[in-house]
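The structure under discussion appears below in the form of structure tokens.
Just so you know, all these numbers are worked out from the coordinates, no wet-lab data involved. Note that the structure is a prediction, hence the values are computed from the model and not measured. As a convention, Cβ positions derive from the backbone with ideal geometry for all residues, glycine included, and neighbour counts pool all protein chains shown.
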Amino acid sequence: MKRREFIKLTGGLAALWPLTSEAQQQAMPVIAWTASTPETAHRVLVGFRKGLVERGYVEGENFRFDIMYHEYQYDRLPTFYRECVDRRVTLIIASTTRTLVLAKAATLSIPIVFTIGSDPVENGFVTSLNKPGANITGIYTLNLALAGKRLELIRELVPSARKFAFLTNPGSPKFNEPETRQIQTAARSLGVDIIILNAQKPDDFDAAFETASREGAGGIVVGSEALFISHPARSLTGAATRYRLPTIYGDEQPVTTEEGLICYGADQDEAYRLVGNYVGRVLKGEQPSNIPVQQSTRTKLVINLKTAATLGITVPTSLLGRAEVVIE
């Protein structure tokens, strides 16, 4: 039984609970967060908890998480945030641009701490990085800004290719549109053609890779929108393997755990830790409006030589020398 269903079934019993129990629940800070699935949430929660511990907060002892798994059913998110407001949770974590939009629309009073790869000032989430204003602050990574660089890197691995594909999520225009522009600009600079592929859920991945293969793409650049980071890594790497397409990702997990070829993107684990740290600061009484948004500039280039060999790719020594991690 899903957690939300359980709450719905037991809600009628709330009046029977002792008042002391309700007071105890309210006394412990509640951090609300939503993720796609428990499997994809694990790594993120590890980072959150690490940052919270640095500020003296241990889950179950002096705070608790309230997590809803939406299973890629994004239409469930507005209801979740309305419930957060009704229950008067202590704080909301928004770990994607999509959820930050909805959380911001739901409340002007409950503190919100975010980690996103799109510009929070440009998108109107905060007034400025130094003075966020209102009830929002968080961590801003460089993931969106690196799309063009990913195309350059996959071109280095497949120098003979004259056509590449870019996998994006049209349901997330704050990522889809600027990343697509970056890719198209980089493609013109490199003198290659680009095919735009769309996916709005993991079930769309296989069809996108099939299209890329059929149209003669020499490799694929995967967008950095949350769908391509928070899904099970094997959904993408499985498609890349079936169609033998060199693929570059914006997150390291497909490369380190599922034998993907290469990734270049923001250090997501560091960003998650920083978010936990920020949450701890707010729980200790700091106002989000006074905590500057931090731009996490750490990036990671990870290359899997085993996968490269399987694809018949010789990785240039110059590229290996720039990698933080090389899997042999």
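Data overview
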{"read-out": "Out-of-range pairs (alpha-carbon distance over 19 Å; input Lys104/Lys131; Lys50/Lys284; Lys50/Lys149; Lys149/Lys300; Lys163/Lys201)", "value": "Lys50/Lys149; Lys163/Lys201"}
{"read-out": "Net +/- balance of residues flanking Glu225 in space, Cβ distance below 10 Å, scoring K and R +1, D and E -1", "value": "+1"}
{"read-out": "The range 30-103 versus the range 189-224: alpha-carbon centroid distance in Å", "value": "31"}
{"read-out": "Cut-off 14 Å between beta-carbons: net charge of the residues surrounding Ala187, Lys and Arg +1, Asp and Glu -1", "value": "+4"}
{"read-out": "Helical mean residue ellipticity (222 nm; -39500 (n - 2.57) per DSSP H run of 4+; nearest 500) of the chain", "value": "-12500 deg cm²/dmol"}
{"read-out": "Average Cα contact separation per residue, the chain, under 8 Å, 6 or more apart, as relative contact order %", "value": "20"}
{"read-out": "Amide N of the range 175-201 lying under 15 Å from the label point, which is placed 7 angstrom from the Cα of Lys163 along Cα→Cβ", "value": "192-197"}
{"read-out": "Antiparallel DSSP beta bridges within the chain, percent to nearest 5", "value": "10"}
{"read-out": "Under 13 Å, Cβ to Cβ, from Val89 - net charge with Lys/Arg +1 and Asp/Glu -1", "value": "+1"}
{"read-out": "DSSP-defined antiparallel bridges as percent of all bridges, the range 180-328, nearest 5", "value": "40"}
{"read-out": "Where only C-alpha atoms are counted, convex hull volume of the chain per residue in Å³", "value": "134"}
{"read-out": "Given 16 as the ceiling on other Cβ atoms within 10 Å, longest exposed-site-free region of the chain for trypsin sites (Lys or Arg not before Pro) in DSSP loops", "value": "163-243"}
